[in-house]
Amino acid sequence: MDHCILLLYFLPLLFIFLIFKIVYQKRHQGCYILDYQCYKPTDDRMLSTEFSGELIMRNKNLGLDEYKFLLKAIVSSGIGEQTYGPRSVFAGRERNPKHEDGIHEMEEFFDSIDVLLKRAQVSPSEIDVLVVNVSMLASVPSLSSRIISMYKMREDIKSYNLSGMGCSASLVSINVVENIFKSQKNLNALVVTTESLSPNSYSGNERSMILADCLFRSGGCAILLTNKPSLRNKAMFKLKCLVRTHHGGREESYNCCIQKEDHAGKLGFHLDKTLPMAATRAFIDNFKEASPKILPILEKLRFALLSFRRKIIKSSNNAGAKPVIDFKTGVDHFCLHTGGKAVIEGIGKSLGLDEYDLEPSRMTLHRFGNTSASSLWYVLGYMEAKKRLKKGDKVFMISFGAGFKCNSCLWEVIRDLNGDGNAWNECIESYPRKNLANPFLEKFGWIQNEDISTFKYPE
């Protein structure tokens, strides 16, 4: 009897203790962005229309058919002529790059880390976790080790160097940090996401491989994250959920976006015609998992009731249109992967987005191009520079990458953001632009009328 009384006495205390433990753990497991800095290269690295044409002409393996193909691709790409390339192409070394070209390209980008840490008033010695993702440059020591050496970070820092993850790598890096934050308290983490273009120019003539050189541009972003409760009020965003989908087990998906050698043994990046279908499949699977975590209960209930109603009356002719999820009931802003004009339009159509929703991604593609894994952060920067991001807003990010992968996440805006120190600051007043046409057709449109038997590229 006494044991029963003691048990009844301690059960409420045990319940209170468990509740306190859960709340305490949740409090220390949050993943917050303190600040981020997108890289803006110097103007002497800007790829003008004239220089881009000269760059294409340097590849002596290309003929008239390839020129026509590239002209059509560039004109319809949505990319403007204020994007940036690596210094190696301006020095004429794109066909025979040195290893140092890739390293110098990275070191030039590392200036963004200086800007970020200084603005956030965080010392390099206060960084507990470092995650670096660069898909197409391998160095020994690793790039993460190079950063640790450059900034004299602590000996007990946890560092991770990710490669080969493609355009979806930055959200993979965020996921690595998120998982570490769940197991350890009071940490600061630095995510460095960029791509090295210098060593990866293609000098062959296969259409599926020359396309990549026209689409990718230089860029990068450094992101400072924390799970310290004391810094929550200084944070910009809080991670609400993150979903990763990987279709590497499907042969078509695995091979649709891959680095390989062509028939002549020239290394390049192959983009297969099955890529749109692989991206669609990955997006659908990711969407199925992400939707329940993002949508409010009323929208899920509405969709379930309409789906049930349609199923009941499916046999009749009055079944009506298939119910569609209103994704905008749980999301205020959309950061879409700037993989190309068709990619942005395709995702927009699938999610039922309007021109206002697509504007940040369209303008980012025009101004900075496809900067691989860092492109999402330029889109976020556009929203911030336009002062769209207000406290309590939800921001949805979605990206695609080789493998084939589709990753997405949802952020909550912690405070009103004004875009201070943003890579867009110097040009944001000129956006959005109604006319996104680039001058390639005007300058090189004559190629379309040329005959292969008489064609000779002018000196």
Eligible lysines near LYS273 by straight Cα distance, threshold 24 Å, same-chain separation 8 or greater: LYS68, LYS72, LYS260, LYS341, LYS349, LYS405
Cβ-based net charge around LYS68, under 13 Å, with every Lys or Arg adding one and every Asp or Glu removing one: -2
Whole-number accessible area per residue in Å² for the chain, which is evaluated in the context of all protein chains at 1.4 Å: 49
Inter-probe distance in nm under a simple model that places probes 7 Å from Cα toward Cβ, at ASP114 and ALA264: 4.1
At R0 = 35 Å, FRET efficiency that the Cβ-Cβ distance of LEU305 and GLU412 yields, to 0.05: 0.80
The chain: DSSP helices with Cα axial extent of at least 20 Å and average Kyte-Doolittle hydropathy no lower than -1.0: 2-29, 169-183, 275-294, 297-312
Two-site FRET efficiency, SER208 against THR280, from Cβ-Cβ distance with R₀ of 22 Å, rounded to 0.05: 0.75
Centre separation in Å (Cα based) which lies between the range 256-311 and the range 184-255: 17
Sequence-distant lysines (8 or more away, or on other chains) whose Cα lies within less than 23 Å of LYS228: LYS21, LYS26, LYS118, LYS152, LYS158, LYS182, LYS185, LYS238, LYS240, LYS390, LYS391, LYS394
Accessible surface of LYS386 - all protein chains present, 1.4 Å probe, nearest 10 Å²: 70
Distance (nanometres) between label positions extended 7 Å along Cα→Cβ at ARG244 and SER76: 3.4
The chain, helix-only ellipticity at 222 nm - DSSP H runs n ≥ 4, -39,500 (n - 2.57), divided by all residues, nearest 500: -13000 deg cm²/dmol
Of all accessible heavy-atom area on the chain, the percent that carbon and sulfur account for (1.4 Å): 55
Charge sum, other residues only, whose C-beta stays under 14 Å from SER145's C-beta, Lys/Arg counted +1 and Asp/Glu -1: +2
Largest-first ellipsoid semi-axes for the range 228-344, taking √(5λ) over the Cα gyration tensor eigenvalues, angstrom: 35, 27, 12
Under the Debye formula (equal points on every Cα, no solvent term), log10 I(q)/I(0) of the chain at q = 0.08, 0.10, 0.13 Å⁻¹: -0.51, -0.77, -1.23
Charge context of SER408, other residues only, Cβ under 14 angstrom, K/R +1, D/E -1: +3
Partner aspartates and glutamates for LYS311 [C-alpha distance under 17 Å; skip if fewer than 8 residues away on the same chain]: none
Estimated distance in nm for a label pair at HIS99 and ASP156, the labels positioned 7 Å out from Cα along Cα-to-Cβ: 3.4
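The values are calculated or read from the model by the stated rules, or taken from the named source; none is laboratory data. Computed from a predicted structure; not experimentally measured. FYI the Cβ positions are ideal-geometry reconstructions off the backbone, even for glycines, and counts take in every protein chain you see. What goes into the accessible areas is simple: the full protein's heavy atoms, side chains included, and nothing from ligands, DNA or RNA. Shrake-Rupley method; radii C 1.70, N 1.55, O 1.52, S 1.80 Å.
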